[in-house]
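Below is one structure, written out as structure tokens; the observations come after it.
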Amino acid sequence: MPTATVSLAAIRRLTLSTQGYTPRFRRARPGEVEEAIRRLSAVQLDSISAVDRAHRLTLSSRIGVYPEAELQQLVASGRVFEYWAHEACLLPVDLWPHCRRTMEGGAHWQYHERAMLQHGDLVEPVLERIRAEGPLASRDFEGAGDGTEMWNWKPAKAVLEALWDRGVLSVAGRQSFQRRYDLTERVIPRAVLEAPVPSEDETLRTLALLAVRARGALTEPAIREHWRLKGGRARLHHHVLALVDEGLLREVHPDDEGPPFYVDAEAELDGGPAPPVLLCPFDNLVWDRPLLERLFGFRHVIEVYKREHERQYGYYVLPLLAGDRIVGRADLKADRAQGVLHVRRFHPEPRTRGNVAGKLERAAVRLARVLGLAEVRYA
């Protein structure tokens with residue numbers, strides 16, 4: 001199929017329209033949580049709750065307020081599962097067979113390998129308790145960390161994570177955001193567990209196609225970043241070209257003369273403006289920083305791990321999207337006891353046009369309603 005040349009602005013609008021940000025406050029209908037996770041292909045999890053958990057911010061910006069119990073039921077019934085993708089993510093269960101190669105290929109992190117070597121004597125006792133008692137969290141086990149690792153996990157927690165990494169255990173839900181682990185055969189449906197492991201070529205093509213359809217338009221490096229695929233260009237690029245040859249993807253060349261983008265073969269290269277929305281710092285749209293800077297001229301910075309005096313924009317900073325641009329950054333804090341969403345600082349982007357303050361107010365008021373907060377206060 002011949003390549004096409006399009007404006008970078010059209011590609012930017014396509015990526016935004018594909019995300020499906022809701023234009024107004026709404027409540028999700030039954031089934032929309034699972035639909036959104038499938039459409040996005042992966043939704044990142046993160047423990048920081050200064051405003052709300054990352055997955056809730058990402059999902060609610062698209063489908064509105066939803067009951068967390070619905071998501072927990074999807075996880076408990078094995079229709080959605082937690083595993084590594086871009087980072088630790090919520091994934092549709094269809095992807096489970098494609099994760100098997102990673103699960104069976106050794107530790108995802110060296111920390112998991114060390115846990116199995118140093119605390120191998122705990123593996124069977126941990127599994128035996130879960131067999132007998134059902135889903136358990138790390139707090140259900142005794143012990144304490146020795147202070148030598150970044151997370152200072154106690155030995156039982158390290159073993160639980162290593163067994164989850166290998167697919168022996170699965171997350172059956174969360175309580176106070178702590179994972180509750182169960183035997184995988186009691187969480188993931190039997191038909192999925194018994195499905196053959198796809199070839200690596202099939203997995204890579206599936207992941208490439210899902211990433212492009214979830215994000216609207218991606219470069220080949222951005223497809224790799226979506227899933228954090230190792231192996232560089234040599235591992236994936238020929239699979240992307242094969243998808244183009246098969247008529248599933250289309251290669252388009254932007255007018256900035258940068259590397260080409262890949263879009264779904266049926267995609268229309270444009271899209272409507274996005275409503276004012278405060279984006280989760282871990283939203284799928286901002287996963288790939290070089291791509292984000294190329295498309296939006298926006299340099300995404302996460303400063304939660306910096307000391308306060310080193311931060312330029314604030315602790316938990318949400319980019320403000322409006323139209324087809326990211327127009328500013330808001331440092332937010334939710335005070336649930338007082339029912340207030342605090343806008344502690346706001347930094348508009350250089351050369352932004354129009355009523356940015358009005359866009360911030362509209363997005364902040366809507367976010368406050370989603371969080372169940374009665375008021376927005378500006379520092």
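The values are calculated or read from the model by the stated rules, or taken from the named source; none is laboratory data. A quick note: this is a predicted structure, and the numbers were derived from the prediction, not measured. Note: ideal-geometry Cβ built from the backbone for every residue, glycine included; neighbour counts use all protein chains shown. For the accessible areas, the whole protein counts, side chains as well, though only heavy atoms, and no ligand, DNA or RNA atoms are used. Shrake-Rupley method; radii C 1.70, N 1.55, O 1.52, S 1.80 Å.
Below is a table of values for the structure above.
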{"item": "The lone exception for Gln175 - which of (1) at pLDDT below 95; (2) out of contact with any strand residue (DSSP E or B) (no Cβ under 9 Å at 6 or more places or on another chain) it fails", "result": "(2)"}
{"item": "Residue within the stretch 32-49 that is assigned to a strand (DSSP E or B), under 15 Å from the mean Cα position of the chain (by Cα) and buried (at least 20 other Cβ atoms within 10 Å of the Cβ) present", "result": "yes"}
{"item": "Selected residue (only one of Ala85, Ala54 is crowded, with 20+ Cβ neighbours inside 10 Å, closer than 22 Å to Leu193 by Cα and at pLDDT 95 or above)", "result": "Ala85"}
{"item": "Strands (runs of 3 or more DSSP E) within the stretch 244-337 that include 1 or more residues open to solvent by 30 Å² or more (accessible area, probe 1.4 Å)", "result": "249-254, 261-264, 325-335"}
{"item": "Residue match in the stretch 370-379 (condition: over 24 Å from His86 (Cβ atoms), open to solvent by 50 Å² or more (accessible area, probe 1.4 Å), among the aliphatic types (A, V, I, L, M) and assigned to a helix (DSSP H, G or I))", "result": "no"}
{"item": "Filtered residue count, the stretch 68-90, keeping only those that are more than 16 Å from the chain's Cα centre (by Cα) and under 24 Å from Thr18 (Cβ atoms)", "result": "3"}
{"item": "Single residue of the stretch 341-353 satisfying the filter (over 15 Å from Arg299 (Cα atoms) and open to solvent by 70 Å² or more (accessible area, probe 1.4 Å)) that is modelled with the lowest pLDDT", "result": "Arg353"}
{"item": "Flag for Val240 being among the β-branched types (Val, Ile, Thr), touching a residue at least 60 places away in the same chain (Cβ under 8 Å) and not in a loop (DSSP other than H, G, I, E, B)", "result": "no"}
{"item": "Among the residues listed as Leu59, Leu90, the single one being farther than 15 Å from Val192 by Cβ, out of contact with any Lys or Arg (no Cβ under 8 Å at 6 or more places or on another chain), assigned to a helix (DSSP H, G or I) and open to solvent by less than 40 Å² (accessible area, probe 1.4 Å)", "result": "Leu59"}
{"item": "Top-ranked residue in the stretch 11-31 [being assigned to a helix (DSSP H, G or I) and surrounded by 19 or more Cβ atoms within 10 Å (Cβ to Cβ); ranked as nearest to the chain's Cα centre (by Cα)]", "result": "Gln19"}
{"item": "Sole residue being in contact with a helix residue (DSSP H, G or I) (Cβ under 6 Å, 6 or more places away or on another chain) and at pLDDT below 95, chosen from Asp288, Asp270", "result": "Asp270"}
{"item": "Test: Val65 is of a type in the set (A, V, I, L, M, F, W, C) and either within 15 Å of the chain's Cα centre (by Cα) or open to solvent by less than 20 Å² (accessible area, probe 1.4 Å) (or both)", "result": "no"}
{"item": "Among residues of the stretch 206-243, those that are among the small types (Gly, Ala, Ser), open to solvent by 30 Å² or more (accessible area, probe 1.4 Å) and under 24 Å from the mean Cα position of the chain (by Cα), counted", "result": "1"}
{"item": "Failed criterion for Leu169 (all others in (1) over 25 Å from Tyr21 (Cα atoms); (2) open to solvent by 10 Å² or more (accessible area, probe 1.4 Å); (3) touching a helix residue (DSSP H, G or I) at 6+ places or on another chain (Cβ under 7 Å); (4) of a type in the set (A, V, I, L, M) hold)", "result": "(2)"}
